[in-house]
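Data first, discussion second: the structure below is written as structure tokens.
The values are calculated or read from the model by the stated rules, or taken from the named source; none is laboratory data. The structure presented is a predicted model; accordingly, all values stated were derived computationally and were not measured. Methodologically, a virtual Cβ is constructed for each residue, glycine included, from the backbone with ideal geometry; neighbour enumeration extends over all protein chains shown. Heavy atoms of the whole protein, side chains included, go into the accessibility calculation; ligands, DNA and RNA do not. Shrake-Rupley method; radii C 1.70, N 1.55, O 1.52, S 1.80 Å.
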Amino acid sequence: MKQALAPNRTTILKDNISWHYPFPGANTTPWQMEATILALKNAGYADVTCVQNKTVVTNAFKGEDLNNYVPLFRKYDIPVLYNFKESDMKWVEYRPKATMHVLHRIFPDGIQIPDYFFGKNILHLPTVKCHIYTTTTGAMKNAFGGLLATKRHYTHSWIHRTLVDLLAIQKEIHSGIFAVMDGTTAGNGPGPRTMIPVVKDYMLASADQVAIDAVAAKMMGFDPMSLEFIRVAHEDKLGVGDPRDIEIVGDDPETVKRESWGFSVGDNGASMVGDLMWFGPMKRFQKIFFHTPLVNAFILGSEFYHDYYRWPLKDRRTFETWKTETTWGRLFAQYERGEGPSATPHATGTNGARTQAHAE
């Protein structure tokens, strides 16, 4: 971490709120957040902030509250900024030095990114989970919400190469990049929200955003180099995506190398609509549906499906079962009650895996 993040620079914590409801595996966990804050402060990084974003299906204020981040921000004096509040940051045109794969065509009038991000460290806090559009999601996908504004849904048909472009931009604008990925409970199935939570007891960390995503993908049971965003980033030398070239260290690196959980993405209501509109026969009409006020019909549909159907009728029960029957769920309940992990610092054994790419 000290090698990756520049000293005496602001470090932005970019958490991952895939769903404002605290569904296991979907969001940055409070212990992931707290441990990262403590590690930064103990290493001398005194200037730490958090930047939140919103999406069509998530409410940032609700998400940071229900996932128990707010007490941590208060406890450790972490300012929280919102990339959708003009009082916190402004969106400015950025002209990348790197050759873009798709962003220059998706946004022909200019690529807009937040001015606050320039010259600062970024520390991503994703989770190990599947994704209906990218198969897996992790450190590279975590930049999506922070760097792109409300029109980021324009990129969905070209999502893989969008993530590669965003990583290239991050390497130009940030003074350092790092990621801490929570796999204590991983998400199997049609993520990043409606998944099957599976307790795995892992935490990953790396300065190489491609490598950490590749290791997580391999652990889930996917071939990392078959995933376009990992393969293209590897080919562009933005990181190392081939597991054969990634050094894994930690409590038991050989066990990590053998992990293959057999995860699969599958479908849900949202993915079936997305497959039709973003990648299927209706793709040619997406400007009519998504670049006009008609997009509001899809936003309302997504909100109804996730918040008024899935959560109350299905996913809340999954969350409550996880909270009472698993060690990590019980730890989450401690945070809900305002109790940190200090009372039970060794409540569960955790395998550590750090991905570090060899220079080839």
Checklist entry - Given labels modelled 7 Å from the Cα in the Cβ direction, how far is it in nm from Tyr76 to Trp261? => result 2.3 nm
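Need the full-extension length gain, Ala98 to Ala39, defined as separation in residues times 0.36 nm minus the C-alpha distance. One decimal, nm. All intermediate terms of the calculation are to be shown ahead of the outcome.
On the way: separation 59, 0.36 × 59 = 21.24 nm, distance 3.23 nm.
Extending this stretch completely gives an extra 18.0 nm.
In square angstrom, what is the accessible area per residue of region 164-229 with a 1.4 angstrom probe? Write out the running numbers ahead of the final one.
Numbers: 1440 Å² over 66 residues.
Per-residue value: 22 Å².
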Checklist entry - Along the positive direction of the dipole of region 119-212 (beta-carbon charges: Lys, Arg +1; Asp, Glu -1; about the Cα centre), which of Val164, Ile212, Thr185 reaches farthest? => result Val164
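R0 = 30 Å: FRET efficiency of Asp115 with Asp245, Cβ-based, nearest 0.05?
On the way: r = 36 Å, r/R0 = 1.20.
With a Förster radius of 30 Å, E is 0.25.
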Item to check | Candidate lysines - alpha carbon under 24 Å from Lys85, same-chain residues fewer than 8 apart omitted | outcome: Lys14, Lys54, Lys62, Lys75, Lys120, Lys141, Lys151
Item to check | Qualifying aspartates and glutamates (Cα of each under 19 Å from Cα of Lys41; at least 8 residues distant if same chain) | outcome: Asp15, Asp77
Checklist entry - Once you put a point 7 Å from the Cα of Thr49 and another 7 Å from the Cα of Lys62, both along the Cβ direction, what distance in nm separates them? => result 2.6 nm
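Work out, step by step, the length gained on full extension between Glu172 and Lys90: first 0.36 nm times the residue separation, then minus their alpha carbon distance; give nm to one decimal. Walk me through the numbers before you get to the answer.
Values: separation 82, 0.36 × 82 = 29.52 nm, distance 1.85 nm.
Gain on stretching Glu172 to Lys90: 27.7 nm.
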Checklist entry - For the pair Asp201 and Glu254, what calculated FRET efficiency results from E = 1/(1 + (r/R0)^6), where r is the Cβ-Cβ distance and R0 = 22 Å, to the nearest 0.05? => result 0.85
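For Tyr309 and Ala4, compute 0.36 nm times the residue count separating them, minus their Cα-Cα distance, and round to one decimal in nm. Please list the in-between numbers first.
Values: separation 305, 0.36 × 305 = 109.80 nm, distance 4.26 nm.
Separation in residues times 0.36 nm, less the Cα-Cα distance, equals 105.5 nm.
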Checklist entry - What list of ³J(HN,Hα) couplings, whole Hz, do you get for region 23-30 from phi and the Karplus terms 6.51, -1.76, 1.60, once you set θ to phi - 60° and write x for glycine and proline? => result 6, x, x, 7, 10, 3, 8, x
